[in-house]
Each structure stands twice: as C-alpha cells, then as structure tokens.
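See structure below.
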Amino acid sequence: MEKVKCECGHLNPYGTYLCESCGKPLKEEKGKVANMRYEGVARRSQTYKKSPVDLVWNFFSSVKVGIWIIVLLLVTSSLGTLFPQEMYIPPGENATIYYEQEYGLLGKLYYQLGFHNLYSSWWYMLLIASLGISLVIASLDRFVPLYRALKTQRVSRHEGFLKRQRLFGESNKIDNIDEEIQKAEKLLKEKRYNIRRENGNLLAEKGRFARWGPYVNHVGLIIFLIGGMLRFFPEMYLDEHMWVREGEHEVVSGTNGEYFLRNNDFLIELYDEEDEKYQDALSRADGPVVKTYQTSATLLKRTSDGTVGSETELEEIKDYDIRVNDPLTFEGFSLYQVDFKLNELSEFTFTLESETVDADFSDIEFTVNLNDPQKTFEFDNGYRVEIMEYFPNFIIDDNREPTTINRIPDNPRIIFEVFPPGANEDEGEISLIGIQVNEALNGENDHTIRMTGAEMVDVTGLTIRKDRTLPIISLGGIIFMIGFIQGSYWHHRRIWIQNREGTLLLAGHANKNWQALKNDFQLVSDNTHIPLPLDQTDKDNKGVSQDDDRTK
Amino acid sequence: MIELSSNFMYASFFLYFAATVLFAVSVTGKKFKNKQGLEKNKAGLLGYISSIAAFLAMMTYFTTRWIGVGYAPVSNMFEYTTALGIAINLGFIIIYAIYRNNYLGLFTMPIVMLIVAYASMFPGEVQPLIPALQSHWLTIHVITTVIGQGILAIGFVSGLIYLVKVIDFNKATKKVKGLEFIMYTLLCTLAYVILGFSFGAADYQATFEFVNEQGNEAEINYVFPPIIGPNEGELISEQGINPFIEVPAYIESADLNTVLWSVLGGLVLYLLLRLSLRKPIGGAIQPLLKSVNPQTVDEISYRAIAIGLPIFALGGLIFAMIWAQIAWTRFWGWDPKEVWALITFLFYVVYLHLRLSKGWHGEKSAWLCVIGFALIMFNLIFVNLVIAGLHSYA
Amino acid sequence: MKQRRLFIRSVILIVMITAVGYTFYNHFADERGLVDQGDKAPNFVLEDLDGNRFELQELSGEGVYVNFWATYCTYCRDKMQYLQNFYEEYEDKGVRIVSVNVNETTLQVERHKQRQGLDYPLFIDRNMLVSNAYGVRSLPATFLIDENGIVTERQIGAKTEEQVLDSLSELIPSS
C-alpha cells in the first residue's frame, strides 16, 4: 500500500481521511462536517486484507462485530434467567426430571438445550472469549494510530479542515487579528487550556487524556477476563463444603490436612416478635425471621509436620465467630457460614425393664454415643448388653437387608442383645431399637430396653473458598473503573484560531459535551472581537456524526 | 421517627407537584412574557428551586427513616423504589445545573411523582434485616446503584422528549404506536396507584379460601375486587364479589388480578385522554415542545448516560461483586438479578458503541435510552417479584 | 514492515487462542483427581482395629492396593469380597491391600468385618484426613501404588472381580 503525501508534506498511511498533520481532507466525504472519529486516521485493520491472519484480525477489529458479540451475550444471558440454573434448583432434585415437572414442555426444552447450565456451556464461554479477543484487537487497532495522530497534530490546520468542523466561524472585519488571538490565548489559558502557537495561529487543547479512557477501560476488562480465565487453571480456585458438629473438629479440605476447624457452638438468633419496631413486618412474615447465624469456631493447625493420618496433633490458632457476611479468613482460605442442621442426634440413653423378671434394674443405665458407640455394657448385677449392629441412618436396601444410607445418625437403629446374668452366648434377647421403634427380633423377650433420653447437637455447614484470581480480578475492576471515569467525566476539546491573510478562522471540536465548548467560545467572544462560531449541525441534522471515539 | 419520615415524603409530593406546574408555566408562559418586554420568566428557576426543596424533603425522609430503622432504607421494594425516585430527582438536579432545560423538569417531575407513588403501594413497615443483608455493603452497593439508575433515567426522560418532539404524529406509524405504548405504560402505573389508593382508603379486602399449588387449603387476600379468582376459591370475607375467571394454582391469582386492574385502568385512562384530545397523547404534547432544540435534548440524554453508567457499573457490578464475595462466598453466581444488572450494563455499552462509533444519534439513540430504562424497571419489578432468586427480599 | 505486522498479529492471536484453548481444556476435560496417575502417593499413618500402626512408606518395594470404602457402599462390599478371595495369594507376590474406611464408627467396621468374614486388616480414616489428602469424593475409590510409591492408576466406582484381579496383577513388583 502506498502512503499518501499531503500538500503540507506529511506522509499519511493509506486509508487516511484527514491528514494527520494539517488536517486537510484527503478523501471526499458527504456532509458539511468532517468525520472526526479517530481523528480521520487510517485504521490499519481496514486497509489490509491479505492473509488468513489478517482476515481473522480484521474480523475481531470491527466495532460492528464487537457490538454483535455484546448483543448476543446479553440476549443469551437473559435466556438463562427464564428458569433457575441447575445450581439454584432445590438440593436433591434431579435436573433431568425437575425442569419438565416444574415448568412443563418449555422446561423440558430448556433442559434439553442445556440452558440449565447456560453460563458454563461451551458456546457461552466461546462468546465471552470472542469478546475478550475483540477487546484486545479492536483496542490495539485504534489506540496506536489515534495516539500518533494526536501527537503529530500541527497547530496550523488546513482551511478545509477548519471549515468542516462542527463549530466554525470566520471574520475579515477584525483590525488587529494577532492582538485578538493574543487576548483569546490569555482567556483560554485561564480556562486551563494547553496553548500552542505557530506562525501566529493558535491551538488550545484541554482534556486530551480523556481520549485514552476507553482504552484504559478495555485494558481493565481484559485483565478482568484473564482473571476469570485463570479460575480454570489448577490450584487457582477451591470450592469445598464442610459439616462440623458442635464440639467436634474436622479437617479443612484443600489445606493438605494442615488446618482444622472446631465448632464450639452453633447459634441461630431470631428476631423478637415482641419487638415493637418489627411487629408489623413479623406478623406478616410466614414464620420467625432469623437475625443471626453464627458458628463459634476455633481454627486449629497441625503441629507434627509428619505424616497425614492418625498421628496428627493440633494446636489452636485462633477463635472466631463465623457469621453470614463475616467469614473466617486465613492464608487465602475463607470459611463462610452457609448452612446448618439443627438437632442432629448424638446420644441415646437407655435403661432395662422387665415385667416378668424380678431384678433390680435401677442402676442400669447406659448411653450410646451415636458417633462412636461402645460395643458392650456390663452391669454390677450381672447383666450385659451388647450392640450387635448399628445403623446410623437405617434403611432396608434392595436385597431386603437392613443397612445404613450414610454415616450420619439421622435415623439411628441399634440391634441390642441382652444377656441376663449367667446366660450363654446364644441365649441373648435381641431387639431392634430406634426412635419410636422397639421390636423383639427373636421371639418374646423378657426384658425391654427403654430409651430414657436423647442428646442432640447442631451441625454447621461451611463453604471453604480459596480464590487466587481475586487480586487479578480486583486489579482489572479498578483499572476498568478508572478508564471508565476518565473517558466519561472528562472531555477532550480543541479550539483553533488562525489568521489567514487577514481573515480570522475559528473552529472547535469536542468529543462530547459541546455545550461546555460553546461556553468557552462565548467567553472568548464576549471579551474579544472574535465572533461566535456557528454550529453547522444546527437546523441540519444530516451532518456526519461528531462524537468522540470511545470505541472498541 | 418513621412517622416523621413519612410526613416529609408527603410534603415532597406537593413540592414535586409545584415543580411540575412551575416548569409547565416556564415552558408555556414564554410568549406571554415576551409581550411584557424584557422581564425574564422566573418560573423555570422557581421550578428548579422547588425540585431541590422536594429533594431535600425526600432526603429528610431518607435520613429520618435511616435513623428510625437502623440501616440504610434501601432493603425492600418500598424503600428501594422510593430511593429510585430520589435518585432521579438528584440526576435531574445535576443535569439541569449543566443544561438549564425546563422541558426536562416538566417531564422528570411527574415521573418522579409516579415512581414515589408507586413505591408507596408496597408495604412500608420496618422490616428486620435477614443475616445476608446485615452489612455495610448494603448501604454502599444499593445507594451507588440507585444513584446510577437515577441518572440513567434522566437519559430516558430526555430521549422521550426527543421522540415526542420529532415524531410525526399525523401518520399511524410504528414509531407513533411505540411512543403511545410508553404513554400507556405510564398510565397503567398511574391507574394502579389511583386504584390502589382508592381501594386502600376504602379498606377493601377480599379473602378467599383456595387450594394452593401443593394441593393444600390456604387463604389468599385481595386488595382489588377479584376479577380473577384463585384455584377452587371460595369467598370467605364480607367484602368481595365472585370472580369471573378462575386460574390454576401455579398462578399467583391476586397478583394477576392486580395486574389486570392496572392494565384495564390504564386502558380507560388512555381512551379517555384519546377521546378528549382527539389525537395521540404524544401528538397532544408535541406543540408544547415547539422550542425544544432536538440537538440539545439528544446531547442531554447522552450526557446523562455517560455520567450515570460509570456509577451504575460501580454500584451494580463492582460493589455488588465485592459484597457477593463476602456474603455469598463468590463474587459472581449468575443469580437472575446479577444477570439482569449485567444485561442492563451491556445494553448501555451497546448504546455507547452504536452512538460513538456507528453514529446512532437522535431518534435511534433516543429509542435506545427508552429501552434502557425499561430494562432498569424490568430488573426492579419483574426480576424481583416474578423471577425469584437470591435477591428477592421484598 | 508488512511482515513484521503479520508476525505481531500472528503472535497475539496464537497467545490468545492458546490461552482460551487451555481454559476450555481444563473446563471440559475429565477432572483430574487431587492424587492421580503419575503422582507420588502421599504417605499416611493409620491404625487397624487392633490398634496396630501402619505407615504407607513401610511398604515401599511392594505394590499397594489402597481401597477407600464404607459399609453403606454396596460396590465396596463386592470389591472387598473379591479382595478377600485373593489377598493372601497376592501378599506372597508382594502386593498389599490397604483397606481404608471413611470415618465410620469402630463398631460398624468391626461388625462389618465379622459379617463379611474379612481377614485382612481394616483401617479407619478418622476425620477423613487420608481421604482428603487423596481427594476421595465418591466410593469406592482405589489407588494403585507401585513399588516406588508412584500412583499408577486411580479407579472410581464399581469393578468386576476380573478387573480387581487384573489390578492386583499389575501391582506385582517387577524385580
């Protein structure tokens, strides 16, 4: 591609609309007003269409493509909110039937199209990836030439350039043009314009740095997206769950068995229904309203640096009350209060009774720890009770055999064998005992095991989280905001005043907020003989658009 | 304290009304003033002053309620929607200071009134905060977001003025229909407020026994006369009529009934206006806007969005993410409200790119501003009340 | 100039596409276990039901079949029965079976041992320390560890008797 030489002597890249140096229009354009977007520079992407690499590059460089990607993202994102995502359906529900059952045919379709996991689907992630690529390429393609154009701009501009600015004025009735320009310079300086002079011509410029805002913003977004991408890399992200019973400690997953958490106490505090302040609202609510969920926890650390397993010794690190909105954080890990289970059975206490046998059972009382039951209980009067089987969460399985669903004592059943004094090994009375269950298993029993008490504990459910991408995400967010504010709350304005052989030419350009620029012109015209420029788009809306280039 | 704060809210209502009238005078009274010679029309300035007074009254409501309830009063639909009204007022104060456009006041003040009135239809009693909301981030996140939305709303108002100004109402085009639909939506809200106040003042309540979705007997209250009845409903209160239609249990019949009343009420209001004006409502307003400079309102709408969007992004996305990380263990979880905040943001991003790099100015840009505000309202009302998610506290 | 541009563009595109590709690979490929094929097996210490200390390291030079199980896991039960049939034979060939219960009560484990007639030692992983170290999420989970202490395979889920036998054979030390 050949370079284009302007009459001022500057060599412009192929595809340039307005000479980078003097601003002379190099291409014919429609309308009265020049297209000042990107200062009329050549966007390289639009000028070379050669290799496949260039084709891909040019595709992503296009703002139109960028806009389409965003539109697709926002439309598809909205689809995902039609019904809840899989992670928000009630726990334990099976997604394969849940959607159809709850939402009918539409729900079935939703599930079949994979919309129940829309935001982690390959095509949604591909869209976000394309957005990222588009951000990088489009920003690079625009920032570099724009930066060069604003750096190489000359003070004296071509008449054709000035005439085609939205704000333009001229006058040949001024006696001493240079003196008026001098006055204007002083005024504009007070308005904190940067002034450049050349051969008696003036360029006053303010807020150029606002032009970099969009690019700073895009850099922030790119960093943010990189952070989001890193989540999928090993060791960057951890999302685990742990349940801890009151009084017990459990290992914190993901810490290599290094840290443990003890639940000293779990507490739910409710709002007082007598409280006058909330009375109205509480009486309308369906049930009591929770004020606090809190786990009083102690963080423990392994002291022996030896081997994982049963020889682990622990020391206390710190006590902390974990609440919603107030996680316990240590070494990049955070423990959040997210769940709880009240009144999980922990102990049963039993005694022995008999209607037929005349013996003293008053001393017989034994406690079964449901999380670590003792095998046998022996008593002074010669009685012996043995636990034959223990099922923490009893169920009859498919083979019609008694078994347990898991190791949580939600529905504990114990098979006891009672040996009266002197009984043989095979003479025990067998019974199955549970909550509201007491069955003799080998014929009539002489003795009955009676439950006299049950202890319960609360269990806290915590989420364990480690997210090493947070610093990167935060950095991206901060840069994004800085760029956004820089580009939105400041604006670039330029005023050209030139003396062209006795005629004063006057033009202005702003990338937005023309009102402020017009006010500055007003100030100049009020205090000098320089006339107010005309807004060439007034009464003629067909002028080419004029705003800035906060674009991708 | 709470009562005091409501009094300030009532007071501000009158100030909004006064501001509307004053701006109307400033817009229509110009000719009259010209005959008087050079005397300046002060109505616009007075309107601005009373809008500031209204803002201060609302801020007093806000502060006293804050003191009264003990947390930033932005925790439920009543409080948030009111805060949105205040924020739009604030947005107007800022933008008016830059552009001194009385038409903006004429359009903004009634919309603020409508939003505040709409807010007061929600239960306003003091609510205890659930643990997830007990955080300073409630204050920071919600207030920043609402200010952003308030300023964005000015973009909508300005876009609306632009559309009423430039659209040709003599032909029944799609544009005219679109604009009339916006007017109709506003009238539905108005109808809802009027009907709600009237039935509320009359202490209207109809109670039904019905069979709910789980197949259990339950009771349901209606505050509007039941046109639509609940599943196998039986009227058990003295007030009330037998419904004309019965809907299945999975539909919230009382809510649907309210929507139906609003839609019908809006229709009645609209038809009455159409009949008395004998032209589209937009067409009737148009002559008022004779001296509006479309370039200016176009720039105002863009400016409002350029100012509002960074604030919205900060509050609605960034602060939201920080809080979500603390309260919900992750900064982003694709909760419907989060997604719709993102959609709103992306939509305005598309607006900016279309405007700045594809030259979508004037009418196209104005339509986008209208849609943007519709998204904000959708996120506030529909997502909160219909698509339940982690955010549905109201 | 033009070539330099092509070069720069290609480099930027390749970097971005690789990054995206790797992310996709990580996201959609089968999740790798915390401890998986090729890793050095983390050492651990446990006690059997009689209180005998056992340390994995002591078995260096032998193949080790580490099986995580629970009494409520039906597939575990089957698998442990197969192991019962072969453990003596393979112990002679230098393959040891380490059966780790995931934190059930001693009573349950003891009764299970009696009922199922298992003769090889059973260990209880109190507080799930070992299970955590090995990233065990579902049962049965088996780790095949060779004579050098390297994990040669990570198996999740039910296995047939034949498969169990094959795994045991694989573990026979080569020397």
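The values are calculated or read from the model by the stated rules, or taken from the named source; none is laboratory data. If you're wondering where the values come from, they're calculated on a predicted model, not measured in any experiment. Note that each Cβ is placed from the backbone with ideal geometry, even for glycine, and that neighbours are counted across all protein chains shown. Just so you know, the surface numbers come from the protein's heavy atoms only, side chains and all, with ligands and any DNA or RNA stripped out. Shrake-Rupley method; radii C 1.70, N 1.55, O 1.52, S 1.80 Å.
For the stretch A:375-393, give me the residue count where each residue is in contact with a Ser or Thr (Cβ under 6 Å, 6 or more places away or on another chain), crowded, with 19+ Cβ neighbours inside 10 Å and either part of a strand (DSSP E or B) or β-branched (Val, Ile, Thr) (or both).
Of the residues in the stretch A:375-393, 1 are in contact with a Ser or Thr (Cβ under 6 Å, 6 or more places away or on another chain), crowded, with 19+ Cβ neighbours inside 10 Å and either part of a strand (DSSP E or B) or β-branched (Val, Ile, Thr) (or both).
Looking only at the stretch A:218-237, how many residues end up being in contact with a Lys or Arg (Cβ under 8 Å, 6 or more places away or on another chain), surrounded by 15 or more Cβ atoms within 10 Å (Cβ to Cβ) and either on the phi > 0 side of the Ramachandran plot or not in a strand (DSSP E or B) (or both)?
Looking only at that region, the number is 3.
Check off (1) within 30 Å of B:His361 (Cβ to Cβ); (2) open to solvent by less than 10 Å² (accessible area, probe 1.4 Å); (3) not in a helix (DSSP H, G or I); (4) not small (Gly, Ala, Ser) for B:Pro226 and give me the number that stays unchecked.
(1)
Kindly establish whether B:Glu213 is among the acidic types (Asp, Glu), in a helix (DSSP H, G or I) and either over 30 Å from B:Trp367 (Cα atoms) or open to solvent by less than 40 Å² (accessible area, probe 1.4 Å) (or both).
It is false that B:Glu213 is among the acidic types (Asp, Glu), in a helix (DSSP H, G or I) and either over 30 Å from B:Trp367 (Cα atoms) or open to solvent by less than 40 Å² (accessible area, probe 1.4 Å) (or both).
Mind checking which residues of the stretch A:354-374 are in contact with a strand residue (DSSP E or B) (Cβ under 6 Å, 6 or more places away or on another chain), of a type outside the set (A, V, I, L, M, F, W, C) and either open to solvent by 20 Å² or more (accessible area, probe 1.4 Å) or within 17 Å of A:Gly422 (Cα to Cα) (or both)?
Of everything in the stretch A:354-374, those that are in contact with a strand residue (DSSP E or B) (Cβ under 6 Å, 6 or more places away or on another chain), of a type outside the set (A, V, I, L, M, F, W, C) and either open to solvent by 20 Å² or more (accessible area, probe 1.4 Å) or within 17 Å of A:Gly422 (Cα to Cα) (or both) turn out to be A:Ser354, A:Glu365, A:Thr367, A:Asn369.
In the stretch A:105-122, which residue that is among the hydroxyl-bearing types (Ser, Thr, Tyr) and either within 14 Å of chain B (Cβ to nearest Cβ) or not in a helix (DSSP H, G or I) (or both) is farthest from the chain's Cα centre (by Cα)? Reasoning before the result, please.
Here is the first cut: in the stretch A:105-122, the residues among the hydroxyl-bearing types (Ser, Thr, Tyr) are A:110-111, A:119-121.
Among the residues that remain, those that are also either within 14 Å of chain B (Cβ to nearest Cβ) or not in a helix (DSSP H, G or I) (or both) are: A:110, A:119-121.
Working: A:Tyr110: 24, A:Tyr119: 13, A:Ser120: 14, A:Ser121: 17 Å.
For the stretch A:105-122, the residue satisfying everything is A:Tyr110.
Which number in (1) crowded, with 19+ Cβ neighbours inside 10 Å; (2) in contact (Cβ under 8 Å) with a residue 12 or more places away in the chain; (3) within 14 Å of another protein chain (Cβ to nearest Cβ) marks the one condition that C:Tyr87 misses?
Answer for C:Tyr87: the failing condition is (3).
Could you pull out the residue among A:Ala204, A:Ala129 that is of a type outside the set (Lys, Arg), at pLDDT 90 or above and under 24 Å from A:Asn58 (Cβ atoms)?
A:Ala129
Quick one: A:Asn399 ticks every box in (1) open to solvent by less than 60 Å² (accessible area, probe 1.4 Å); (2) polar (S, T, N, Q); (3) at the interface with chain C (Cβ under 9 Å from one of its Cβ atoms) except a single one, so which number is it?
The one condition A:Asn399 does not meet is (1).
Go through (1) assigned by TED's automatic domain parsing to the domain that holds A:Ser253; (2) more than 29 Å from A:Leu267 (Cβ to Cβ) for A:Tyr336 and report which single condition fails.
(2)
What tally of residues in the stretch C:15-65 results from selecting those that are at positive phi and in contact with an Asp or Glu (Cβ under 8 Å, 6 or more places away or on another chain)?
Matching residues across the stretch C:15-65 total 1.
Can you find even one residue in the stretch A:508-519 that is open to solvent by 20 Å² or more (accessible area, probe 1.4 Å), over 28 Å from B:Ile95 (Cα atoms) and either among the aliphatic types (A, V, I, L, M) or at pLDDT below 90 (or both)?
No, that holds for no residue.
Within the stretch A:97-136, count every residue that is open to solvent by 70 Å² or more (accessible area, probe 1.4 Å) and β-branched (Val, Ile, Thr).
Selection size over the stretch A:97-136: 1.
Test C:Tyr82 against the criterion of being touching a residue at least 40 places away in the same chain (Cβ under 8 Å), more than 9 Å from chain A (Cβ to nearest Cβ) and open to solvent by 20 Å² or more (accessible area, probe 1.4 Å), and give yes or no.
The answer is yes for C:Tyr82.
Please note which helices (runs of 4 or more DSSP H) are completely contained in the stretch B:274-374 and include at least 2 residues that are at pLDDT 95 or above, open to solvent by less than 20 Å² (accessible area, probe 1.4 Å) and within 12 Å of chain A (Cβ to nearest Cβ).
By residue number, B:294-312, B:336-357.
Would you pick out the residues in the stretch B:144-169 that are outside any helix (DSSP H, G or I) and hydrophobic (A, V, I, L, M, F, W, C)? Step through it out loud before you land on a result.
Let us first name the residues in the stretch B:144-169 that are outside any helix (DSSP H, G or I), namely B:167-169.
If the condition is that a residue be outside any helix (DSSP H, G or I) and hydrophobic (A, V, I, L, M, F, W, C), then B:Ile167, B:Phe169 are the ones that fit.
Anything in the stretch A:308-353 that is open to solvent by less than 20 Å² (accessible area, probe 1.4 Å), under 30 Å from C:Arg53 (Cα atoms) and at pLDDT below 85? List them, or say none.
The answer is A:Gly309, and nothing else.
Would you please name the residue that is surrounded by the most Cβ atoms within 10 Å (Cβ to Cβ), looking only at residues in the stretch C:9-38 that are more than 7 Å from chain A (Cβ to nearest Cβ) and either small (Gly, Ala, Ser) or more than 25 Å from A:Met229 (Cβ to Cβ) (or both)?
Once the filter is applied, the top-ranked residue is C:Val35.
Test of understanding: among C:Arg154, C:Arg115, C:Arg96, which residue is facing chain A (nearest Cβ under 10 Å) and surrounded by fewer than 22 Cβ atoms within 10 Å (Cβ to Cβ)?
Checking each option against the conditions leaves just C:Arg115.
Does A:Trp68 satisfy the condition of being within 25 Å of B:Trp332 (Cβ to Cβ), surrounded by fewer than 16 Cβ atoms within 10 Å (Cβ to Cβ), more than 12 Å from chain B (Cβ to nearest Cβ) and of a type outside the set (Lys, Arg)?
Spelling it out, it is not the case that A:Trp68 is within 25 Å of B:Trp332 (Cβ to Cβ), surrounded by fewer than 16 Cβ atoms within 10 Å (Cβ to Cβ), more than 12 Å from chain B (Cβ to nearest Cβ) and of a type outside the set (Lys, Arg).
Would you confirm whether or not the stretch A:430-439 contains a residue that is more than 20 Å from C:Gln108 (Cβ to Cβ), β-branched (Val, Ile, Thr) and more than 13 Å from chain C (Cβ to nearest Cβ)?
No, because not a single residue in the stretch A:430-439 is more than 20 Å from C:Gln108 (Cβ to Cβ), β-branched (Val, Ile, Thr) and more than 13 Å from chain C (Cβ to nearest Cβ).
Restricting to the stretch B:149-167, what's the tally of residues that are open to solvent by 10 Å² or more (accessible area, probe 1.4 Å), within 16 Å of B:Ser291 (Cα to Cα) and of a type outside the set (Val, Ile, Thr)?
Number satisfying all stated conditions: 2.
Answer yes or no: is there a residue in the stretch C:54-68 that is small (Gly, Ala, Ser), within 20 Å of C:Leu168 (Cβ to Cβ), assigned by TED's automatic domain parsing to the domain that holds C:Arg96 and over 15 Å from the mean Cα position of the chain (by Cα). Quick ask: steps written out before the conclusion?
Applying the first criterion (small (Gly, Ala, Ser)) to the stretch C:54-68 yields C:60-61, C:63.
Applying the additional criterion that residues be within 20 Å of C:Leu168 (Cβ to Cβ) yields C:60-61, C:63.
If we keep only those that are assigned by TED's automatic domain parsing to the domain that holds C:Arg96 too, we end up with C:60-61, C:63.
Cutting the leftovers down to over 15 Å from the mean Cα position of the chain (by Cα) gives us C:60-61.
Yes, the conditions are met somewhere in the stretch C:54-68.
Identify all residues within the stretch A:252-291 that are farther than 24 Å from A:Gln337 by Cα and charged (D, E, K, R); write none if there are none.
A:Glu273, A:Glu274, A:Asp275, A:Glu276, A:Lys277, A:Asp280, A:Arg284
Of B:Pro73, B:Pro128, which residue is farther than 28 Å from B:Ile311 by Cα and part of a loop (DSSP other than H, G, I, E, B)?
It is B:Pro128.
Go through the residues of the stretch C:103-118 one by one and say whether even a single one is among the acidic types (Asp, Glu) and within 23 Å of C:Leu171 (Cβ to Cβ).
No.
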